[in-house]
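First up is the structure itself, then whatever we jot down about it.
The values are calculated or read from the model by the stated rules, or taken from the named source; none is laboratory data. The model shown is predicted, which means the values in this text are computed figures rather than measured ones. All Cβ positions, glycine included, derive from the backbone under ideal geometry; neighbour counts span all protein chains shown. To get the accessible areas, we keep the full protein, side chains included, count just its heavy atoms, and leave off ligands, DNA and RNA. Shrake-Rupley method; radii C 1.70, N 1.55, O 1.52, S 1.80 Å.
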Amino acid sequence: MIRLASSSSTRAKLLLEAGIEFVQQSVDFDEESIIASSPKNFVYQATLGKFEANLKEFGFKEYPLLVADTVVTSQGHILRKAKCIEDARNILLTQSGNSTSIITCMIYLSKREKIIDISTTEYLFKRFDLDDIERYLLSGDWRQKAGACMVEGFCKPYIKSVKGHESTAMGLNVEILKRFAL
C-alpha cells in the first residue's frame, strides 16, 4: 500500500491498472511561484515542492509516499494547465501538427529507498481538426490537464509517432514504479 499524494484521477487509474494498492490524499502546493530554466527543471521543482509539502503533512512511516507532476512542452514553450477556454485553444494549436514532449517527474519514498525519476514521452501529432478542437473544448475534458492534453482521449487519433511510455504522458511512469512499489 502506498500514499498517492495527488488529486489526479488519471494517476489513480494508472495505479489501479498496475495493481498497486494505494490511498489517495494530498495537500496543495502553489506552482505559480516556480521560476525554471527548462521544462525538466520546472517539473522537478514542482514535484519537489509537492513532495516536501506532503512529506511534512503525512510522513512516510505509515505508507510509502508517491508524488508526481507533469509538464507539456512544444515549440519551445512550457504548456501549463489552461486557465480558460481560449488559453486551452491556443495550447492545443501550439501542439497541432508538431512534436510535443510530456515530461513527468515522480518521487517515491519508502522506509527502504527514495526514487526520483524524470521520464519523457515524445509525440508527433498530425494537425488537429478545428471542429474536433472545438468539441473537445466544449467537453471541458481539458481542464486541469497539463498542456490541455489527453493522449488517451482527444489526442489519440492524431498521434503520428510516439517514443516513450503512455503512462508517463498520463502522469506517472508505472513501468518504473512497479519495480519498487509492488
Query raised in the report: When the residues of the stretch 37-66 are filtered to those that are free of Cβ contacts under 8 Å to residues at least 24 places away in the same chain and assigned to a loop (DSSP other than H, G, I, E, B), which remaining residue is nearest to Lys114 (Cα to Cα)?
Result: Gly59
Report summary line: Checked the stretch 67-93 for anything open to solvent by less than 70 Å² (accessible area, probe 1.4 Å) and either in a strand (DSSP E or B) or small (Gly, Ala, Ser) (or both); matches are Val67, Ala68, Asp69, Thr70, Val71, Val72, Thr73, Ser74, Ile78, Leu79, Ala82, Ala88
Query raised in the report: From the list Lys40, Lys61, Lys50, Lys56, which one is open to solvent by 90 Å² or more (accessible area, probe 1.4 Å) and touching a strand residue (DSSP E or B) at 6+ places or on another chain (Cβ under 8 Å)?
Result: Lys40
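Could you check the stretch 154-169 and list, in sequence order, the residues that are in a helix (DSSP H, G or I) and surrounded by fewer than 23 Cβ atoms within 10 Å (Cβ to Cβ)?
Lys156, Pro157, Tyr158, Glu166
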**Report entry** Residue count for the stretch 94-109, restricted to those that are open to solvent by 30 Å² or more (accessible area, probe 1.4 Å) and among the β-branched types (Val, Ile, Thr)
**Finding:** 1
Query raised in the report: Looking at (1) surrounded by 17 or more Cβ atoms within 10 Å (Cβ to Cβ); (2) part of a helix (DSSP H, G or I), can you tell me which one Ser26 breaks?
Result: (2)
Report summary line: Residues of the stretch 149-177 being of a type in the set (A, V, I, L, M) and touching a strand residue (DSSP E or B) at 6+ places or on another chain (Cβ under 7 Å), in sequence order, are Val151, Ile159, Val162, Ala169, Leu172, Ile176, Leu177
Requested in this report: Scan the stretch 1-23 for residues that are part of a loop (DSSP other than H, G, I, E, B), aliphatic (A, V, I, L, M) and surrounded by 13 or more Cβ atoms within 10 Å (Cβ to Cβ) and report the count.
Outcome: 2
Query raised in the report: Picking from Arg135, Arg143, Arg112, Arg127, which residue would you name as being surrounded by fewer than 22 Cβ atoms within 10 Å (Cβ to Cβ), outside any strand (DSSP E or B) and touching a residue at least 60 places away in the same chain (Cβ under 8 Å)?
Result: Arg143
